[in-house]
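The values are calculated or read from the model by the stated rules, or taken from the named source; none is laboratory data. All values reported here derive from a predicted model rather than from experimental measurement. We place every Cβ from the backbone using ideal geometry, glycine too, and count neighbours over all the protein chains shown. In case anyone asks, the SASA skips ligands and DNA or RNA and just uses the protein heavy atoms, side chains included. Shrake-Rupley method; radii C 1.70, N 1.55, O 1.52, S 1.80 Å.
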Amino acid sequence: MTSENQQTGDLTPDELPYHQVLLGGTAWASLGTARGNGGFLSATLPRLLDADPTVQIRAISELEPVCHQNSFYEATLPVALYVAAILAHPATAAVGPARRADSERDCPVRASLLDWLGSLAYDADDECLAIAERHFDGDDLDDYPEMRVFLDHRPTFYGAVSAFLGHEDTAVREAAVVAAIPLTEHPALIGHRDELGRRIHRLLATSTNRYNRNRCLDALKNWGYDIAAVESPADVAARVRYVRDVWTGGCTEEPPF
């Protein structure tokens, strides 16, 4: 790891830097991404707060090299910390095109940022962690410090995400709930699952978003809940379709639950 990446890793896990301090105090060009160094980030990250929400959403897509193919790089943690630090910024309340193509409507950029953080957290959830440890011969990620340091900072990210669990905007609220799910796998956060479970149940009572419903049903099942009472006919159909596609070698974008 570079010295700059080590500097970020030395942050107290509950400490969320001010976004301008993080932006100006990080040697982005010294940090690795999937496509070379992270020098481009010093220009991309400020565009997340642009006055034009279309520019903001485009900037989120430009972060792909820091999480390419569900992997973690030297630049991943500081970028994620920056995203978490700007969630409450007024500019993220601007409404623009949703990050996911299958979204039902435009939404606040804040929801798309939460969705991006959530996707990153799912790439480091227990299932992915087990796969990584098998890949590294069970060495507790000693050979994958980029993921390990992200895992250590899950309380930091939960603190930022949880501020929006009761947000008045449905898209923001749902994105926060879904992003919080994998973060609570951190030992210090497991106690938050009861409250999060209640919010998941409320989401399932009203939401028709397939991605969000799948993630929430999957979480409840993994936490030992009986999901029969909260599954809709569409949920059951999606699950049957997923199993069918797996057995027939088909392709589906819907995660199992």
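Annotations for the structure displayed:
- FRET E, pair ARG241, ALA130, Förster distance 30 Å, beta-carbon r, rounded to 0.05: 0.70
- Most to least packed among 183-192, 168-177 [average Cβ atoms within 10 Å]: 168-177, 183-192
- Mean separation of Cα contacts under 8 Å (6+ apart) over length of segment 32-98, as relative contact order %: 40 percent
- As a ratio to 2.2 N^0.38 Å, the alpha-carbon radius of gyration computed for segment 148-218 takes the value 1.06.
- Surface share of carbon and sulfur [accessible, 1.4 angstrom probe, percent] for segment 114-218: 46 percent
- Remark on THR33: its backbone amide H falls under 5 Å from those of GLY38, a criterion applied only to residues 5 or more positions apart or on other chains, H modelled at 1.01 Å from N.
- Taking the convex hull of Cα positions in segment 43-126, its mean projected area over all directions (nm²): 5.6 nm²
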